[in-house]
Amino acid sequence: MSPFRITRTLPEDAARAALAADVLAGLGSRPRSLPPRWFYDARGSELFERITGLPEYYPTRAEREILTDRSGEIARVSGARTLVELGSGSSEKTRHLLEAMPELALYVPVDVSESALRGAGRELSERRPGLDVHAVVADFTGRLELPRGPGPRLVAFLGGTIGNLEPGERARFLSSVRELLSPGDALLLGTDLVKDERVLVRAYDDAQGVTAEFNRNVLRVVNRELSADFRPELFDHVAVWDAGPEWVEMRLRSRGAQTVKIPGVDLVVDLADGEELRTEISAKFRAEGVRSELAAVGMEVTRWWTDRGGRFALSLGVV
Ligand code: AVJ
């Protein structure tokens, strides 16, 4: 068995305090919102895994197609000996990349879900004896303090998760990634691309209702962690495309007027009939946008790969 270590950057009670702060700020003001990172408890992570297999949810398959075709090239161009993966989840999408990197010395999966990291670590240490795996439980929007490992280093942020951040947060996040990189290191960034609105909305509102359950799961997390009394069945799942900022928004719409108590933060929320909580933005990108956002933090895009359908892109940014 190869070495597997797991580090939590935050003690469990700090995660709870962060949730409490987000709930107070997001549900205590209007329009009401909750940040998407709280979707991913064990159940939410499982629901997301199911989403990735849905016929309507194309991003995972499109990105996998690129990774299948281009992993050899990515491995060669980056020459990576350390791979840091932000928001690694189950690490399933990284499989091709890891297989194309026989010289890799260290893999650092970083995720908010400890359960996902443990599953991935267990699997990997069986498949890749000799690879050092150091998992880190962390929120990638926070300060990034990660094991450095031997260079060249490749920092991968796949799945299109950067789209969960608003433009200002994106700039801060990208500049903290930039700080992790030395000359010769690179960023591999996955971005979902702007396309037909119907295709986009369907991807976030599937026929089986798995995304709806995933969306409502955040209410269960708040119930459990902050002793709230949300009744998830009284919220309708909503997915809308906002053509201005070019993002899909997920919301939960209150069915009827209702009062929710959240004793963990001493908050009582009165929701009007039809009032919506925003639970996620998922921004979609264009090549020029990615180029200029990376340029703004001092990185240059040297490669741009898309799937054959042009739905999703991987770009390589260097310092
Ligand atoms: C994991 C953030 C990339 O925004 O597409 C899937 C999450 N939300 N369906 C995305 C998600 C609803 C997903 N990311």
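The values are calculated or read from the model by the stated rules, or taken from the named source; none is laboratory data. Predicted, not measured: the structure shown is a model, and the values here were computed from it. Positions of Cβ are generated from backbone atoms using ideal geometry, with glycine treated the same way; all protein chains shown enter the neighbour counts.
Some points to look at:
- Single match in ASP229, ASP236 (criterion: in a loop (DSSP other than H, G, I, E, B) and out of contact with any helix residue (DSSP H, G or I) (no Cβ under 6 Å at 6 or more places or on another chain)): ASP229
- Among residues of the range 233-253, those that are crowded, with 20+ Cβ neighbours inside 10 Å and away from the ligand (no atom under 16 Å from the Cβ), counted: 0
- Scope the range 92-141; condition among the hydroxyl-bearing types (Ser, Thr, Tyr) and either part of a helix (DSSP H, G or I) or surrounded by fewer than 21 Cβ atoms within 10 Å (Cβ to Cβ) (or both); matching residues: THR94, SER115, SER125, THR141
- Scanning the range 251-293 for residues that are in contact (Cβ under 8 Å) with a residue 60 or more places away in the chain and in contact with a helix residue (DSSP H, G or I) (Cβ under 6 Å, 6 or more places away or on another chain) returns ILE262, GLY264, VAL265, VAL269, THR279, GLU280, SER282, ALA283.
- Residues within the range 3-20 that are buried (at least 17 other Cβ atoms within 10 Å of the Cβ), closer than 29 Å to LEU124 by Cβ and more than 20 Å from the chain's Cα centre (by Cα), tallied: 1
- One residue from LEU180, LEU226 being at pLDDT below 95 and not hydroxyl-bearing (Ser, Thr, Tyr): LEU180
- Residues that are touching a Leu at 6+ places or on another chain (Cβ under 7 Å) and among the charged types (D, E, K, R), drawn from the range 130-147: ASP132
- Residue ID - farthest from PHE285 (Cα to Cα), chosen from residues in the range 153-171 that are more than 16 Å from the ligand (Cβ to nearest atom) and crowded, with 17+ Cβ neighbours inside 10 Å: ARG153
- In the range 87-112, the residues that are under 14 Å from SER71 (Cβ atoms) and touching a residue at least 12 places away in the same chain (Cβ under 8 Å) form Cβ pairs under 6 Å with partners that are within 14 Å of the ligand (Cβ to nearest atom) and not small (Gly, Ala, Ser), at six or more places apart or across chains, as follows: LYS93/LEU158; THR94/GLU85.
- Exclusive hit being crowded, with 22+ Cβ neighbours inside 10 Å and within 15 Å of the ligand (Cβ to nearest atom), set GLY190, GLY209: GLY190
- Residue within the range 21-34 that is loosely packed, with under 15 Cβ neighbours inside 10 Å and part of a helix (DSSP H, G or I) present: yes
- Across the range 38-91, the number of residues qualifying as surrounded by 18 or more Cβ atoms within 10 Å (Cβ to Cβ), closer than 30 Å to SER182 by Cβ and of a type in the set (Gly, Ala, Ser) comes to 9.
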